[in-house]
Amino acid sequence: MSTGLEREQRPPIEVSEDDLEAIIGDRALARDDHLNAPGFVIRPDDVQEVLTDLRDEAGFDHLANLTAQEYSDRYESIYHLRKYADPTQGVSVVVPTTTDEPVSQTAEPVFRTADWHEREAFDLVGIDYEGHPDPRRILLPETWQGHPLSRDYDQEKPQIVTLTEHANPIRPDHRDDESDTMFLNIGPHHPATHGVLHIETVLDGETVVDVDPDIGYLHRCEEQMCQQGTYRHQIMPYPDRWDYVSAGLLNEWAYARTAEDLADIEVPDYAQVIRTMGAELCRIASHMLALATFALDVYGDFTAIFQYGMRDREVVQDILEDLTGQRLMFNYFRLGGVAWDLPEPRAEFIEKTRDFLDGLPAKVDEYHNLLTSNEIFQIRTHDTGILEPDVAKQYGCTGPVARGSGIDYDLRRDDPYGYYDNLEWDVVTEDGCDNYSRVLVRMQEVEESAKIIEQCLDLLEDWPEDEREVQANVPRTLKPDADSEIYRAVEGAKGELGIYIRSDGTDKPGRFKIRSPCFHNLAALPELSEGEYVPDLIASLGSLDIVLGEVDR
C-alpha cells in the first residue's frame, strides 16, 4: 500500500512549455491552448513522431482521451496526454485535416489505447486514421451509412442492418496445422458479460487463442444529449446514467468539476465535504457490487458472497437515498455545490452513517474469510488475468485495474479536488498484476473510503451552523467564452472518469466528450485472456468491473 507521503518523496520531472516547444520543434504549426493544458497543432502525418517524442522525452505516457469533431472548415482530432507520475501535467496535441480528405496518421503504434479511440472517432465523426490495424466501426454495425456526428449526417435516412452471411468467422491467422480451433460467441445476452457485451472468442481446445470484445449494444448517445442541454440545469441528470449501477455522484462530479473550472466557479468548502462523503459512499457501493458479482462469476457463489455483498450495498444505498432523495439516479450535485444540506434530523443521519462504518470492519473480515481465503477462489484468481504495468499504461488503464498492477495513480491525491487533500487516507496498490490483486485493491479501498467518510462526518458535525453554505452564487445562465476548451477528470469507482468540453459561446456545449475508464479497461481484455483457459477469461472480465452503459455511452 502506498501513501501520499511516499508519492511526494519522488516528484516527477516538471516539463515547461518551452521544453514542449523544443521537443515538438517546427512540427508545431500553431498553438491552441486549452484551459488545463498547453496545446500544439501539428500536421496529420507527424502524429506518431510527435506523440513518441512527448512520451519518451517529456514523460507523457498516458493517452487519457481522444476527442474528434468536425467544424465547417476542417476535421480535428485532439489527443489529451497526461502523466501517470503526475496527471496535473498535460498537453493537447491537435491534428486538423481538410474536409475533403479527413485522413490522419494513427497513434496506435505509440499508444495501444488509440486503437479503440480512433475506431470510435471514425465511426461517429468520419475521420480515417491511416495505418490503423483494425479500421472497423466499433459502436455501430459495419453496414451503417454515414457518421452520426458529422455535419451532413441525415438522421431521417433509414438504415438497413443486414445479417452476416454464412461465412466462416475464423480467420486464417487463427488456424494452424497442428490444432483444431473453434469460434465461440460469449454474450451479448449472458450474465457473465456484465451487460450486453459480445465477446468473439477463438479457442484451441480450452485455451483462448483470440478475444475481440464487440461493444455498442447499449450506445445511448449520451454525449450528444449533453450537447443539447444547458450547462446550468439540463446536463447534470445525465451523468448518473453512465455508470448506472452505483457511481452516480462520482459521475456527477466529473461533469461538475469540468464545468466549474470552465466557468471559473468556486465551490464552498462545506459543499466540498458533502461531495467527498457522498462520492466515497458511492465508491463503497460500487466495490461491493463488483465483489459480489465477481464471486458469482468465479465460482458461482450466489447464496453467500453475492447476497452478502448486496446486503451491505443496500445499507449504503439507504444512506444515499436519505441524502439525495433518490436510490440510483441521484441528481444531487449542482454546479457550485450540492442541491441541499444533510437531511433532518441531522444527528440521526450522521448516527446512521456512523453505525454502518462501525460495522464495516467485521463485514470486510467476513469477505476475507469467505472469499479471499477460499481455495477455489485462489486457484481461479492467482496468476490468472495477468496485466503487466507497462501494458496497462499502453491501454490507458486506471482505477483498481491499474493499481492492481502496481501503478500508483489516483486522481484524488495526484490531481486533488473536493476535500481530499485535507484528509488522511492512503492509496492502495498491489503488485500481483492478476485477478486476485484487483479484488484485494477494491476490498482495501472500501476501508480507505470508510476512513474518508468518518473524517467528513466529523467535519460536518462540528461545522458552524451559520457557515453551512451548500452552493456558490452561480449565474442563472452560463455562457463560457467561445472556443474555450478543457479536459478534467475525477477518480471514479472504476478509474479516471474525464470530460472534455469545448464552448461555442452559447449556454450549451459545442462538444462534450466522455472519457470512460471502463472503455479503456475493457480494451485490455485480450491482453489478460489470450493463452488462458475459458474460465479464466470469465474471471478476467469480471475483474475489470465494467458497466456497459459507461463503455458505450
Can you list the DSSP H helices in the chain whose Cα atoms extend at least 24 Å along the helix axis and whose mean Kyte-Doolittle hydropathy is -0.5 or higher? 269-299, 435-462
Considering lysine pairs in the chain that are 8 or more places apart or on different chains, how many have Cα atoms under 16 Å apart? 5
Assign one of three labels to segment 347-447, namely rounded, prolate or oblate, based on the Cα gyration tensor with a ≥ b ≥ c the square roots of its eigenvalues; rounded applies when a/c is under 1.5, prolate when it is not and a/b is larger than b/c, and oblate otherwise. oblate
For Glu49, Glu156, Glu375, give me the order by solvent-accessible area with a 1.4 Å probe, most accessible first, ignoring ligands, DNA and RNA. Glu156, Glu375, Glu49
Sort segment 268-420 into rounded, prolate or oblate with this rule: let a ≥ b ≥ c be the square roots of the eigenvalues of the Cα gyration tensor; rounded if a/c is under 1.5, and if a/c is not under 1.5, prolate when a/b is larger than b/c, oblate otherwise. oblate
What does the net charge come to around His189 if you take all other residues with beta carbon closer than 15 Å to its beta carbon, with K and R at +1 and D and E at -1? -2
Amide H contacts under 5 Å for Tyr409, placed H, 5+ residues apart: none
Obtain the nm distance between the two label points defined at Ala482 and Leu357 by a simple spin-label model: each point lies 7 Å from its Cα along the Cα-to-C-beta direction. 5.0 nm
At each listed q (0.27, 0.30, 0.32 Å⁻¹), what is the log10 of I(q)/I(0) that the Debye formula gives for segment 345-387 modelled as equal alpha-carbon point scatterers? -0.88, -0.94, -0.98
Accessible heavy-atom area order of Asp18, Asp507, highest first, probe of 1.4 Å: Asp18, Asp507
When ligands, DNA and RNA are left out and all protein chains stay put, how many square angstrom of accessible area per residue does the chain have with a 1.4 Å probe? 40 Å²
Glu388 paired with Arg43, simple spin-label distance in nm, labels 7 Å along Cα-to-beta-carbon: 3.5 nm
Convert each backbone phi in segment 219-226 into a coupling constant with the Karplus relation 6.51 cos²θ - 1.76 cosθ + 1.60 (shift: θ = phi - 60°), then list the ³J(HN,Hα) values in order as whole Hz, x for Gly and Pro. 6, 10, 6, 4, 5, 5, 5, 5
Among Tyr409, Val41, Gln326, whose Cα sits farthest toward the positive end of the charge dipole of the chain (+1 at Cβ of Lys/Arg, -1 at Cβ of Asp/Glu, about the Cα centre)? Gln326
At a Förster radius of 25 Å, what calculated FRET efficiency corresponds to the Cβ-Cβ distance of Asp264 and Gln224, to the nearest 0.05? 0.40
Are there trypsin sites (Lys or Arg not before Pro) in segment 81-148 that DSSP puts in a loop and that have at most 12 other Cβ atoms within 10 Å, and which ones? Arg136
Just to check I understand the Karplus step: with θ = phi - 60° and J = 6.51 cos²θ - 1.76 cosθ + 1.60, what whole-Hz values come out for segment 75-86, glycine and proline as x? 9, 8, 10, 10, 8, 8, 9, 9, 10, 5, 6, 7
May I ask which residue of Met443, Pro464, Thr477 lies farthest towards the positive end of the charge dipole of segment 419-500, with charges of +1 (Lys, Arg) and -1 (Asp, Glu) on Cβ and the Cα centre as origin? Thr477
Assuming a ≥ b ≥ c are the square roots of the Cα gyration tensor eigenvalues, decide whether segment 405-519 counts as rounded (a/c under 1.5), prolate (otherwise, with a/b larger than b/c) or oblate. oblate
Dipole magnitude of the chain about its Cα centre, charges +1 at Lys/Arg Cβ and -1 at Asp/Glu Cβ only, in debye to the nearest 20? 1500 debye
Roughly how much of Arg31 is accessible, in Å² to the nearest 10, using a 1.4 Å probe? 90 Å²
Ignoring ligands, DNA and RNA, how do Ile160, Ile265, Ile235 rank by accessible area with a 1.4 Å probe, largest first? Ile160, Ile265, Ile235
If amide hydrogens are placed 1.01 Å from N in the peptide plane, which non-local residues have theirs closer than 5 Å to the one on Asp210? Val202
As a percent rounded to 5, the proportion of antiparallel DSSP bridges among beta bridges in the chain is 90 percent
Taking Cα Rg over 2.2 N^0.38 Å as the quantity of interest, determine which of [x] 0.96; [y] 1.35; [z] 1.05 was computed from the displayed structure. [x]
Under-5 Å amide H pairs with Arg511, H placed in peptide plane, nonlocal only: Arg502
For a quick check of understanding: with a 1.4 angstrom probe and all protein chains in place, what accessible area in square angstrom does Val209 have, to the nearest ten? 50 Å²
Neighbour-limited loop hits for GluC sites (Glu not before Pro), segment 189-231 (at most 12 other Cβ within 10 Å; DSSP other than H, G, I, E, B): Glu206
Given a 1.4 Å probe and the protein chains all in place, what does the accessible area of Asp322 round to, in Å² to the nearest 10? 70 Å²
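The values are calculated or read from the model by the stated rules, or taken from the named source; none is laboratory data. Note that the structure is predicted; figures quoted are calculated from it, not measured. No Cβ is skipped: glycine too gets one built from the backbone with ideal geometry, and neighbour counts run over all protein chains shown. These area figures cover heavy atoms from the full protein model, side chains too; ligands, DNA and RNA do not enter into them. Shrake-Rupley method; radii C 1.70, N 1.55, O 1.52, S 1.80 Å.
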